[in-house]
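K.L.:
Take this structure, written in structure tokens, and hold onto it; I'll ask about it next.
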Amino acid sequence: MGKILSWTLAVALLGTAMLAAAGPAKAQVERGKQIYEEKCTLCHGSDGKGNGPAASSFSPPPVDFTAPGFWKGDVDKKIADSIENGKGAMPALDLSGKQIREVIDYMKHRFK
Amino acid sequence: MLRRLVRSLFLVLGSLGLVILWPSGRAQGVPSFGRQTGLECSACHTVWPELTPYGRTFKMTGYVMSKSQKIYEFPPPLSGLFQASFTHTDKSQPSGAAPFNSSANDNVNLPQQASVYYAGKILDKLGAFMQFTYDGVSNAFIVDMTDIRFADTTKLGGKPLVYGASFNNAPTMQDVWNTGPVWGFPFASASVAPTPAAAAVIDGTLNQQVGGLGLYGYWNNLLYAEVNFYRTAANGYPQFLSGGTHVTSLVNGVAPYWRLFIQHQWKNQSLMVGHYGMVTQIFPEGETRGNSDTFTDIAFDAQYQYITRKHRFSVASTWIHEIQNLGASYALGNTGNRSNNLDTFRINFNYSYRCPYGTFGGNFAYFNTFGSRDEVLYAPDPVSGSRNGLPNSDGFIIQGIYVPPKWEQAKIVVQYTIYNSFNGARTNYDGFGRNAGDNNTLYILTWLMF
């Protein structure tokens, strides 16, 4: 009985660890998607290619998140800094740390 | 008839606006712009109405950027404004001298102003910023600032070119920087306090007195050029643009306006250096035909911005040189000279800090107007006159602002204007014993957009 209980506990712990390692929860990515569609699509486009409805007005154009070069280096910091402080014509956005995290998770899930 | 029409339009739009806007609790700048883009005030403004680079692009592209991607916006892009103010001058004005029959001092204007805006996308590439105002000081309904635009983008030399047309009723209303007469600091000021007698024609004299149609182009986020042609709104097709306003500056023929600037953005900073000007022929006061005076305005301006999420700093400056050919007025005995010059210089420094408790900011400005002596044009008169015939006035403006957290459409302004000189002198400037410092003005304004 004790062995069964121990094995059950071990399996449960292992499963939890595996789920955590699998990445952000689906709900978190979904929240990030909602924020991205509300705040980012206008310039960066729904497909992240920097071709949103307003994109043609900007020079340089909005960043293409599907470009392989975008995902090099400390991307999390790069995205968070742009959202928090703006960059060039891109305005700073009023998002909490949690919301920024959710948007980054969505962008990785969708565009990387 | 036109005043009744403007009043009716105001009431209808206002009622419709209340129905549309009442459930909305989001902080959204000129709120209809915010609803349209899905962005906060701070995306387009440092502290409104000063624009960020994104806000300038939004205006340049015709107010049509929208998250919905529909050809038209529904509900229509309506917003409202309510202002209340308190004005105190260091010395009361003599009985009857205060503008609009106001009290001699300590005037509470509730409202100072109430407005309804139609601001946003009309149809696809056509947008507008239209303001209809009840002026609580003059007790009048007016068609206020109006800018209707068509804009599109193409490529020139492989680089983006934004081009468009603007139909507006105030020279520099269409400008995207905060250096010029319409959108320059202090953005709002007391209308019941004494103000210097002299101002260049391009410096607000023609607001809501003219209608103008022009073309512009903005290339590669670098170079901008515009030409606009204004005519009087006292009659003809632009007449609705002056609805409710008594046209006192009657423009003869067409007045060309031009604007050039070059700008550069890098990381969180932007810098602009520019030039604008206008040539206007105006009939002497009371005349509607015959000879007219000619006013040539040549101006230069510059603005620098540094913007992060918490810190926003900017410097803006303009200098206007006006050449006045006053042959028509001189012949009627309205001026002492056939020609005069008038120069206006302004510079302001602006800083704001955003934190969980709201946005706190301050502004410091210096202004100086100086020009030719003309003892007929600038004659002695209690409060508003000049003892020595000079238009010279200079001084400082110190201002504090507060915008509440999570409610960016409200703003409280405390402004103090200090005059070193007023209408030509520091002491006894009007010839009736009033000093420049007597006109120092404390102005407290609460400003709510919805």
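Values in this text are rule-based calculations from the coordinates and carry no lab data. Quick caveat: nothing in here was measured; it's all calculated off a predicted structure. All Cβ positions, even for glycine, are placed from backbone atoms using ideal geometry, and neighbour counts span all protein chains on display.
K.L.:
Per DSSP helix of 4 or more residues, -39500 (n - 2.57); summed, then divided by the residues of the protein assembly as shown. What does that give at 222 nm, rounded to the nearest 500?
P.N.:
-6000 deg cm²/dmol
K.L.:
Given B:K59/B:K411; A:K49/A:K98; B:K121/B:K310; A:K112/B:K310; A:K33/A:K112, which pairs have Cα atoms separated by over 20 Å?
P.N.:
B:K59/B:K411; A:K49/A:K98; B:K121/B:K310; A:K112/B:K310
K.L.:
While we're on this one: To the nearest 0.05, what FRET efficiency results for B:K70 and A:T66 with a Förster distance of 30 Å applied to their C-beta separation? Please report the intermediate quantities before stating the final value.
P.N.:
Working: r = 26 Å, r/R0 = 0.87.
FRET efficiency, B:K70 to A:T66: 0.70.
K.L.:
For chain B, what is the convex hull volume of its Cα atoms per residue in Å³?
P.N.:
In chain B, the Cα hull volume divided by residue count equals 135 Å³.
K.L.:
Right, here's the next one. Pick from B:F295, B:F370, B:F74: which residue has the top mean-square fluctuation in a GNM of chain B where Cα pairs under 10 Å get a spring?
P.N.:
Top of the fluctuation ranking is B:F74.
K.L.:
Related question: Counting only other chains, and only Cβ atoms inside 10 Å, what mean value do you get across the residues of A:89-97?
P.N.:
For this peptide, the per-residue mean of nearby foreign Cβ atoms is 6.
K.L.:
Under a Cβ-only charge scheme (Lys and Arg +1, Asp and Glu -1), can you give me the dipole magnitude of the protein assembly as shown about the Cα centre, in debye to the nearest 20?
P.N.:
On the way: 46 positive and 39 negative charges, 449 e Å.
For this selection, approximately 2160 debye.
K.L.:
Give me the net charge of B:A436's neighbourhood, meaning all other residues with Cβ under 11 Å from the Cβ of B:A436; Lys, Arg count +1, Asp, Glu -1.
P.N.:
-1
K.L.:
Ok, one more. For chain B, modelled as a GNM with alpha-carbon contacts under 10 angstrom, which of B:L78, B:L342, B:L332 fluctuates the most?
P.N.:
Evaluated over chain B, the most mobile residue of the options is B:L332.
K.L.:
Using a Gaussian network model on chain B with a 10 Å cutoff between Cα atoms, which of B:S189, B:S138, B:S79 fluctuates the most?
P.N.:
B:S138
K.L.:
Something else: Do me a favour and compute the ellipsoid semi-axes for the protein assembly as shown from its Cα gyration tensor, root of five times each eigenvalue, largest one first, whole Å.
P.N.:
After scaling each eigenvalue by five and taking roots: 50, 25, 22 Å.
K.L.:
Still on this structure, please answer the following. Provide the net charge surrounding B:P77, with neighbours chosen by a C-beta distance below 10 Å and charges set as Lys +1, Arg +1, Asp -1, Glu -1.
P.N.:
Values: positive: B:R35, B:K121; negative: B:E73.
Result for the neighbourhood of B:P77: +1.
K.L.:
Could you work out how far the C-alpha centroid of region B:29-55 sits from that of region B:312-374, in angstrom?
P.N.:
A separation of 27 Å, based on Cα centres.
K.L.:
Quick check: residue separation of B:T446 and B:Y237 times 0.36 nm, minus the Cα distance between them. What number comes out in nm? Don't jump to the answer; show the numbers that get you there.
P.N.:
Numbers: separation 209, 0.36 × 209 = 75.24 nm, distance 3.61 nm.
The B:T446-B:Y237 span can extend by a further 71.6 nm.
K.L.:
Next up: How high is the relative contact order of region B:341-450, in percent, with contacts defined as C-alpha pairs under 8 Å that are six or more residues apart?
P.N.:
Reported relative contact order: 23 percent.
K.L.:
Now a separate question. Starting from the Cα-Cα distance between B:N105 and B:I412, subtract it from 0.36 nm times their residue separation and give me the gain in nm to one decimal.
P.N.:
Numbers: separation 307, 0.36 × 307 = 110.52 nm, distance 2.10 nm.
Going from the current span to full extension adds 108.4 nm.
K.L.:
Calculated FRET efficiency, B:R426 and A:D74, Cβ-Cβ r, R0 35 Å, to nearest 0.05? The partial results should precede the final answer.
P.N.:
Values: r = 60 Å, r/R0 = 1.71.
For R0 = 35 Å, the calculated efficiency reads 0.05.
K.L.:
Oh, and also: Say each of B:K310 and A:S96 gets a label point 7 Å from the Cα, pointing the same way as Cα to Cβ; how far apart are those two points in nm?
P.N.:
Label at B:K310, label at A:S96, 1.9 nm between them.
K.L.:
Using alpha-carbon positions, what is the distance between the centroids of region B:158-200 and region B:227-263, in Å?
P.N.:
13
K.L.:
Sort A:V29, B:V162 by Cβ crowding within 10 Å, fewest neighbours at the top.
P.N.:
Neighbour counts put them in this order, fewest first: A:V29, B:V162.
K.L.:
Taking the Cα-to-Cβ direction at A:I4 and at B:L260 and moving 7 Å from each Cα, how far apart do the two end points lie in nm?
P.N.:
Simple spin-label model gives 9.0 nm for this pair.
K.L.:
Please arrange B:D106, B:D343 by how many other C-beta atoms lie within 10 Å of their C-beta, fewest to most. The partial results should precede the final answer.
P.N.:
Details: B:D106 12, B:D343 17.
With the sparsest Cβ surroundings first, the list reads B:D106, B:D343.
K.L.:
Please give the length that would be gained between B:R373 and B:K159 if that part of the chain were fully extended, namely 0.36 nm times their separation in residues minus their C-alpha to C-alpha distance (nm, one decimal).
P.N.:
72.0 nm
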